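Okay, structure first, notes after.
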Amino acid sequence: MTALLLLGAGALDLLLGDPPRPTHPVAAIGRLIARLERLLWRDARLPGVLLVLTVLAATVGGSWTALRLLAPGLPPRSCWPCGG
């Protein structure tokens, strides 16, 4: 089953490719980081910690939400990287 899923995912990637840049998740995370740096940058540690925690929360929360909305039938354990 895993090999079949891997082959199917590879075929879909070859067929469809990556989404356009503005909607690509990595591009969105980069824009978030750039905005937060402009807003929070100080010569201190706390703003950097806030930036990292905010980006992590947005990334994990967004991934968890997307998995729950797009694949509601998945058992909770299948989303363990996103907080299950």
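The values are calculated or read from the model by the stated rules, or taken from the named source; none is laboratory data. The shown structure was predicted, so the numbers you read here are calculated from the model rather than taken from an experiment. Glycine also receives a Cβ, built like all others from the backbone with ideal geometry; neighbour counts cover every protein chain displayed.
Within region 9-27, the residues that satisfy the criterion of being under 21 Å from THR59 (Cα atoms) and not in a helix (DSSP H, G or I) are ASP18, PRO19, PRO20, HIS24. None of LEU5, LEU53, LEU69 is part of a helix (DSSP H, G or I) and modelled with pLDDT of 95 or more except LEU53. Applying the condition of being more than 17 Å from ALA57 (Cβ to Cβ) and charged (D, E, K, R) to region 28-44 and asking which residue is surrounded by the fewest Cβ atoms within 10 Å (Cβ to Cβ) yields ASP43. Does region 32-50 hold any residues that are assigned to a loop (DSSP other than H, G, I, E, B) and among the small types (Gly, Ala, Ser), and which are they? ALA44 - this is the single residue of region 32-50 that is assigned to a loop (DSSP other than H, G, I, E, B) and among the small types (Gly, Ala, Ser).
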